[in-house]
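The values are calculated or read from the model by the stated rules, or taken from the named source; none is laboratory data. Everything numeric here is computed off the predicted structure, so don't read it as measured data. Neighbour counts are summed over all protein chains in view; Cβ atoms, including those assigned to glycine, are modelled from backbone coordinates with ideal geometry.
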Amino acid sequence: MPDLKRLHADHAPAVLAFELANRAYFAASVPDRGDEFFDRFTDRYSALLAEQEAGICAFYVLVADDDSVLGRFNLYDLEDGTAGLGYRVAQQVAGHGVATRFVLELCRIAVARHGLRTLRAAASHDNAASQKVLTKAGFVPVGPAAPADLGGKAGTWYQRDLEVQP
């Protein structure tokens, strides 16, 4: 059974393999990360871990039983009880409810571990799968997302107010 784990240094090879194996699949719905992302992966990965350590972001990977990465689920720009949400899942598990299940899990983690009250996520108009995931996970449209927010594509911002447990 896949498990959502906080990103750490040991995940680097599996994260890189995940990104490379799914690059074309991801590029069909979100802007491609570009060759520089892969050429400078080690530096970028170290920067992500430093941001996480500083409390700016919280990164999670969905790890399969064989230790391969099946998805990435990220909380970014944590500030004043609010954060952005980003996620991507491998083509091999897409369309099976995995993204929705683990976005919901990350919502629980956001409250319990990070004290967040609100999550926001943007989805482009042509990314119906992401719109569906967000809606099924309790997010509601709150306004337009500028092309600058989505790598040149127009879209919609979604938001979910989280239930804080006493």
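Of the residues Phe37, Phe59, Phe18, which single one is touching a Ser or Thr at 6+ places or on another chain (Cβ under 8 Å) and more than 16 Å from Val133 (Cα to Cα)?
Phe18 is the lone residue from the list that is touching a Ser or Thr at 6+ places or on another chain (Cβ under 8 Å) and more than 16 Å from Val133 (Cα to Cα).
Filter the range 120-166 for residues that are of a type in the set (Asp, Glu) and not in a strand (DSSP E or B); which is farthest from Thr100 (Cα to Cα)?
Once the filter is applied, the top-ranked residue is Asp149.
Looking at Arg120, Arg108, can you tell me which residue is within 14 Å of the chain's Cα centre (by Cα) and of a type in the set (Lys, Arg)?
Every option except Arg120 fails the conditions.
How many residues are under 14 Å from Gly55 (Cα atoms) and either touching a residue at least 40 places away in the same chain (Cβ under 8 Å) or out of contact with any helix residue (DSSP H, G or I) (no Cβ under 8 Å at 6 or more places or on another chain) (or both) if we restrict to the range 77-105?
7
So Arg108 passes all but one of these: (1) surrounded by 13 or more Cβ atoms within 10 Å (Cβ to Cβ); (2) of a type outside the set (Phe, Trp, Tyr); (3) in contact (Cβ under 8 Å) with a residue 12 or more places away in the chain. Which condition number does it fail?
Arg108 satisfies all of (1) surrounded by 13 or more Cβ atoms within 10 Å (Cβ to Cβ); (2) of a type outside the set (Phe, Trp, Tyr); (3) in contact (Cβ under 8 Å) with a residue 12 or more places away in the chain except (3).
Looking only at the range 42-51, decide whether some residue is surrounded by 15 or more Cβ atoms within 10 Å (Cβ to Cβ) and within 19 Å of Ala99 (Cβ to Cβ).
Checking the range 42-51: not a single residue is surrounded by 15 or more Cβ atoms within 10 Å (Cβ to Cβ) and within 19 Å of Ala99 (Cβ to Cβ).
Please count how many residues of the range 60-92 are of a type outside the set (Lys, Arg) and closer than 14 Å to Glu105 by Cβ.
Selection size over the range 60-92: 12.
If Ala94 satisfies every condition in (1) crowded, with 21+ Cβ neighbours inside 10 Å; (2) of a type outside the set (Asp, Glu); (3) at pLDDT below 95; (4) out of contact with any strand residue (DSSP E or B) (no Cβ under 6 Å at 6 or more places or on another chain) but one, which is the exception?
All conditions pass for Ala94, except number (1).
Looking only at residues that are within 23 Å of Asp67 (Cα to Cα) and more than 17 Å from the chain's Cα centre (by Cα) in the range 22-38, which one is surrounded by the most Cβ atoms within 10 Å (Cβ to Cβ)?
Once the filter is applied, the top-ranked residue is Phe38.
For the structure I just gave you, tell me whether Gly155 is touching a Lys or Arg at 6+ places or on another chain (Cβ under 6 Å), surrounded by 13 or more Cβ atoms within 10 Å (Cβ to Cβ) and not hydrophobic (A, V, I, L, M, F, W, C).
It is false that Gly155 is touching a Lys or Arg at 6+ places or on another chain (Cβ under 6 Å), surrounded by 13 or more Cβ atoms within 10 Å (Cβ to Cβ) and not hydrophobic (A, V, I, L, M, F, W, C).
In this structure, does Phe102 turn out to be of a type in the set (A, V, I, L, M, F, W, C), assigned to a strand (DSSP E or B) and under 23 Å from Pro2 (Cα atoms)?
No: the conditions fail for Phe102.
Restricting attention to the range 67-82, does a residue exist that is among the aliphatic types (A, V, I, L, M), out of contact with any His (no Cβ under 7 Å at 6 or more places or on another chain) and over 25 Å from Met1 (Cβ atoms)?
Among the residues of the range 67-82, not one is among the aliphatic types (A, V, I, L, M), out of contact with any His (no Cβ under 7 Å at 6 or more places or on another chain) and over 25 Å from Met1 (Cβ atoms), which makes the answer no.
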